[in-house]
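Comments concern the structure below.
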Amino acid sequence: MRRRRQRFGMSLIEVLAALAILGIGMAVLIQAVSRCLAVVHKTRNYETARYLLQRLDLEHPLGVTEQIAVGIQEGQFDAPNEDFKWSREIEAIGLEDEPLFQVKTRISWSNEGGNESAQETTTIVFKPEYAQSGGTPVSR
């Protein structure tokens, strides 16, 4: 009579299957972490752009010390935000005697891949004090 031996441990095929499953799981995990880091970086850029937009409004206010000038203004931020640029387009949208302006402010930056991203806000500005002073000195 033959005795059956008890098998302890795992066969080679079982070990290889476990390693394949572990490898696939690690690859999926690394890809997920990579995507999360990319989203964090993108979010940081948009938050920085929003902060710079507020800073631009404080440093270059519209019509506080001088009349609103129709046209395009552009600039670049100082360190540590030297990768960010800004532009502001002011357009008179009211009738000839209405001091109504459309202001488009755009903050743009370049990503690692060379693609440009931007955040833009459009504001409608009404300056009634221009009308009270005898009309708007707006050149169209």
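Put in line by how crowded their Cβ is, counting other Cβ atoms within 10 Å and starting with the fewest, 105, 121, 43, 48 read 43, 121, 48, 105. Treating the Cα atoms of the stretch 12-132 as identical point scatterers in vacuum, please give the log10 of the normalised Debye intensity I(q)/I(0) at q = 0.13 Å⁻¹, two decimals. With no solvent term, the Cα-only Debye profile gives -0.67.
Annotation for the stretch 34-131: GluC sites (Glu not before Pro) lying in DSSP loop with at most 16 further Cβ atoms inside 10 Å of their Cβ are 66, 82, 96, 112. On the basis of the beta-carbon distance and an R0 of 35 Å, residue 32 and residue 97 show a calculated FRET efficiency of 0.05.
Between residue 74 and residue 11, the contour length at 0.36 nm per residue exceeds the Cα-Cα span by 15.7 nm.
Axis of helix 12-59 versus longest Cα principal axis of the chain: the two differ by about 10°, to the nearest ten degrees.
As a proxy for reagent exposure, ranking 78, 83 by other Cβ atoms within 10 Å from fewest up yields 78, 83.
Where a number appears in this text, it was derived from the coordinates with a stated rule and is not lab data. Not measured: the values here are computed from a predicted model. With ideal geometry, Cβ positions are generated from the backbone for all residues, glycine too; neighbour counts draw on all protein chains shown.
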